[in-house]
Amino acid sequence: MVEELKAEAKRQGLWNLFFVDQHGLPDAGYGAGLTNLQYAPLAEITGRSPHLAPTALNCAAPDTGNMELLAQFGDEAQKKQWLEPLLTGEIRSAFAMTEPEVASSDATNIETRIRRDGDAYVIDGRKWYISGAMNPDCKVFIVMGKTDPDGTDLRRQQSMILVPRDTPGVEVRRAMKVYGYEDHYHGGHAEVLFDGVRVPAANLVGEEGGGFAIAQARLGPGRIHHCMRLIGMAERAVELMCRRAVSRTAFGKALAQQGVVQNWIADARVTIEQLRLLVLKTAWLMDTVGNRGAHTEIQAIKIATPRAVVDIIDKAVQAHGAGGCRRTSRWPSCGRRRGR
């Protein structure tokens, strides 16, 4: 079914909607060429079906961020081997940054070691909650680790390197559980062990010591895609809550006539409209003054949008009573880490 949808999306030009080729790729058809502002309402629509729609349009995390990373920082050989098949939807990928032993929100804490050995690098480390790693089509990891752990500049210790999934020493140990459920969102999060993994030196993305800057460039734009989709998730939750409110009777009258439920719906509508305007403003700023110029707004939407949408979905779950518990496993997760 997904492959059929992907083929139809390609046919209709609804493919890689987020991707603007600014780096001279040979096939101009890889991306739709939309601005962030143009992409925002379309991403919102895909957020109504987060398990299916982004994948069908090749606009799913973590591949979106990985494609942008490779387009911006990859060399020609890396683009040919990994970016082009990602853009055509032939393969999937994962971004391996988060680690269990350190607070990985501070990327300078990363402990995975990337050690130069002749014409190769050797990687040792443990990652977890790595999005997409359980997907059987995931063929490559972009791994963040330290090439210069003793360097005086904490933000120049890290590097990024491409690790094919089938490289000896790569072990996808287990699927992680999220709130008690085994997570299969876009292939599922995983714990991944890198034990003496040897890859060619040519697999380094950019330069040694450039990993921190690359991570920041990758994660910023990904945050707005995440927030765009969350608006759609919230809209769907309100729609379901309204349907429930007019179809269910409690204490002698429809839920829609209960003051508390009316307040939930009204507050949700006002909140969604506010969030959408903030997300659209951020998208416009990214288009006009760049990601760095929109830094404050990117941070703001990543704080405000998940926090508010979690509350809206919680109210929708409550409106469904016991049925909300059954439906909860199908509600979209709003706490996705850094929009990867």
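The listed residues are A60, A103, A77, A94, and the only one of them that is buried (at least 22 other Cβ atoms within 10 Å of the Cβ) and not in a strand (DSSP E or B) turns out to be A60.
Please determine, by comparing only the residues of region 141-163 that are polar (S, T, N, Q) and in a loop (DSSP other than H, G, I, E, B), which one is farthest from Y129 (Cα to Cα).
Here is the first cut: in region 141-163, the ones polar (S, T, N, Q) are 147, 152, 157-159.
Next, only the ones that are in a loop (DSSP other than H, G, I, E, B) stay: 147, 152, 157.
On the way: T147: 22, T152: 29, Q157: 23 Å.
Only one residue tops the list, namely T152.
Against the condition closer than 26 Å to V310 by Cβ and among the charged types (D, E, K, R), how does K127 come out, does it pass? Steps first, answer last, please.
Values: closer than 26 Å to V310 by Cβ: yes; among the charged types (D, E, K, R): yes.
Here the answer is yes, as K127 does meet what is asked.
Contact map, region 231-250: residues that are open to solvent by 30 Å² or more (accessible area, probe 1.4 Å) paired with residues that are part of a helix (DSSP H, G or I), Cβ distance under 6 Å, separation 6+ or inter-chain. Pairs shown: R244/A319; V246/A256; R248/L255. Scanning region 302-311 for residues that are in contact (Cβ under 8 Å) with a residue 24 or more places away in the chain and either over 19 Å from L230 (Cβ atoms) or within 18 Å of the chain's Cα centre (by Cα) (or both) turns up K302, A304, T305, P306, V309, V310.
Restricting attention to region 139-162, report how many residues are touching a helix residue (DSSP H, G or I) at 6+ places or on another chain (Cβ under 6 Å) and open to solvent by less than 10 Å² (accessible area, probe 1.4 Å). Don't jump to the end; show me each part of the working.
Taking region 139-162 first, the residues touching a helix residue (DSSP H, G or I) at 6+ places or on another chain (Cβ under 6 Å) are 140, 142, 144, 154-155, 158-162.
Applying the additional criterion that residues be open to solvent by less than 10 Å² (accessible area, probe 1.4 Å) yields 140, 142, 144, 158-162.
Of the residues in that region, 8 qualify.
Within region 268-301, the set of residues being touching a residue at least 24 places away in the same chain (Cβ under 8 Å), of a type in the set (D, E, K, R) and more than 23 Å from Q72 (Cα to Cα) comprises R269, R276.
Checking each residue in region 108-126 for being buried (at least 21 other Cβ atoms within 10 Å of the Cβ), farther than 17 Å from R173 by Cβ and either free of Cβ contacts under 8 Å to residues at least 60 places away in the same chain or in contact with a Gly (Cβ under 8 Å, 6 or more places away or on another chain) (or both) picks out I110, I114.
Looking across region 137-163, the residues that are more than 17 Å from K127 (Cβ to Cβ) and of a type in the set (K, R) come down to R155, R156.
The values are calculated or read from the model by the stated rules, or taken from the named source; none is laboratory data. In this text, all values refer to a predicted model and were calculated from it rather than measured experimentally. Every residue, glycine among them, receives a Cβ derived from its backbone with ideal geometry; neighbour counts consider all protein chains shown. Just the protein is used for accessible areas: all its heavy atoms, side chains included, with ligands, DNA and RNA removed. Shrake-Rupley method; radii C 1.70, N 1.55, O 1.52, S 1.80 Å.
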